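Worksheet for the structure shown next.
Quick note: the coordinates plus some simple rules give every number you see, no bench work behind them. None of these values were measured; they are calculated from a predicted model. Note that each Cβ is placed from the backbone with ideal geometry, even for glycine, and that neighbours are counted across all protein chains shown.
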Amino acid sequence: MAASASASAVDLAPNPSSVDGLLWWDSFSLLLTELESVSPSSDLPPFLVKKVKDNHAWFVDMFSLFKPPNKKSREALDSKQVKIGTRQLTVQPELKEAALKVSNSLVRL
């Protein structure tokens with residue numbers, strides 16, 4: 001019975017607000033550690049080549065991807081969930097103002 005109620009609640013949940021998938025990036029600390037462990041005289045292993053290619057936009061255009069807050073970003077922050085590319089995140093209301101401040105700061109870099 002509880003599983004049925006949970007499934008119904010999920011079915012009734014509002015659709016998440018979608019934003020550009022380029023706004024997602026994986027933590028670079030593990031990638032940096034993995035890159036540092038490769039011998040300078042050897043080729044990168046295929047899994048590291050894939051990670052670097054997958055994050056190419058972030059390495060090249062890291063700060064230019066941030067735009068001033070606008071109607072769409074505000075709608076995303078005001079929603080309960082945000083879809084970033086293929087990932088879906090729950091918005092934590094207590095972090096909204098901090099997110100706006102960080103976004104404003106990154107636009108000025």
> What FRET efficiency comes out for the pair L100/S39, r = Cβ-Cβ distance, R0 = 35 Å, nearest 0.05?
Replying inline: 0.20
> What does the convex hull of the alpha-carbon atoms of the stretch 13-107 project to on average, in nm²?
Replying inline: 7.4 nm²
> Too long at a 25 Å Cα-Cα cut-off: which of K80/K101; K53/K80; K50/K72?
Replying inline: K53/K80; K50/K72
